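To start, the structure itself, in structure tokens.
The values are calculated or read from the model by the stated rules, or taken from the named source; none is laboratory data. Note that the coordinates shown come from a computational prediction; the quantities given were computed from them, not determined experimentally. Ideal geometry is used to build each Cβ from the backbone, glycine not excepted, and the neighbour counts take in all protein chains shown. The area values use the complete protein model at the heavy-atom level, side chains included, leaving out ligands, DNA and RNA. Shrake-Rupley method; radii C 1.70, N 1.55, O 1.52, S 1.80 Å.
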Amino acid sequence: SMAQIAVEGPITGPVLVRETEVLWDEDGGSHRPKRREHKYFGFFDRDQGIALRADLGITKPTRYTPRHKHDCESVRYIIRGKVKYGHEVCGPGDCVYNPESVPYGPEDASVDEERVQLGLQYSGPSGIPYLHPADQKRARKELAKIGKFEKGIYIGPDGRKQDGAEAFREFLRGKELTYAPPRYNEHIVMRSENYTWKLLEGGPGVWIKHLGYFNETGPNIKLVKIDAGASTQAGVAPCQQVRYVFDGEVSYNGESYGSVSCMYFPAHVPYSGTASRTGATLFVIQLASPDGQHVPPYCLI
């Protein structure tokens, strides 16, 4: 059945979602409306503390967000199109890591007609819980009744101006937002085109670009290329793992998954090998287990 958010607990094993199984959310759950469309893959299980907003996004050139920061983190991978962050233009193959508490932007999408990107939002190393998109949407609706959102800024009933995302997070948490001390001075851009493919140990026909490993909890970010006829190994990881198939197709347990499909492997749960008949490229992000105790190995695919 089609859903606005594909996967909401309980999550007991690997979960795979095709793009065709998720509806477009035109609002994008966004406080900066009608300038972005999303398909939300999930993955949420409140009981286990799993809270990952994996998505596929299309951004219009009218989108503009002021410089702001979050009490969560995000990783983005641009498949097509360009965007300007501050003074820097990012394009296809660029991966952007926005650490918690670190201001980034302004984000200006007017440099291209359309941008297509993969995204993941999640709780950062400080462990501040990530808010469920449905709760975020509810907060925006409530806030819009008493104030108004303009170009990413929320203007409260008393005329006070504040970043829109910050406003609804405060509303939901019921208190003024506190940020963990920032670990980085700026957002980080990884130019994946400039990395070299390395053969995966023990995986003939599987190649890795190690884009970056940050903090003690991750994100551990990689591109994975599976040659035609090759397969990754079955395994079990101590960490959480999100894989996006954005080029080609893979098969998992005999089922075929094309572009864009999203796979979630929970921590400590066995998963099968990912094979490809015709070849495929995946974008992979690994994060510590929900309790933060078990961290991603440097290279386990």
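In the set (1) open to solvent by less than 10 Å² (accessible area, probe 1.4 Å); (2) in a helix (DSSP H, G or I); (3) out of contact with any strand residue (DSSP E or B) (no Cβ under 7 Å at 6 or more places or on another chain), Gly203 fails one condition alone, (2). Only residues that are out of contact with any Leu (no Cβ under 7 Å at 6 or more places or on another chain), under 19 Å from Ile221 (Cβ atoms) and hydrophobic (A, V, I, L, M, F, W, C) were counted in region 91-135, giving 3. Here are some conditions: (1) within 22 Å of Trp24 (Cβ to Cβ); (2) surrounded by fewer than 23 Cβ atoms within 10 Å (Cβ to Cβ). Ala275 meets all but one. Which one does it not meet? Looking at each condition in turn, Ala275 falls short on (1). When residues of region 230-258 are filtered for being open to solvent by 20 Å² or more (accessible area, probe 1.4 Å), touching a residue at least 24 places away in the same chain (Cβ under 8 Å) and not in a strand (DSSP E or B), how many remain? Adding up the residues that qualify gives 6. Taking the listed residues Tyr154, Tyr130, the one that is part of a loop (DSSP other than H, G, I, E, B) and either acidic (Asp, Glu) or surrounded by 14 or more Cβ atoms within 10 Å (Cβ to Cβ) (or both) is Tyr130, with no other qualifying.
Please specify each residue of region 67-93 satisfying the condition of being closer than 22 Å to Arg243 by Cβ, outside any loop (DSSP other than H, G, I, E, B) and open to solvent by 10 Å² or more (accessible area, probe 1.4 Å). Arg76, Tyr77, Ile79, Arg80, listed by residue number. Taking the condition farther than 23 Å from Cys262 by Cβ, among the polar types (S, T, N, Q) and surrounded by 21 or more Cβ atoms within 10 Å (Cβ to Cβ), does Thr59 pass? So Thr59 fails the test.
Output the residues belonging to region 94-118 that are in a strand (DSSP E or B) and surrounded by 20 or more Cβ atoms within 10 Å (Cβ to Cβ). Asp94, Cys95, Val96, Tyr97, Asn98, Tyr104, Glu107, Arg115, Gln117, Leu118 - these are the residues of region 94-118 that are in a strand (DSSP E or B) and surrounded by 20 or more Cβ atoms within 10 Å (Cβ to Cβ).
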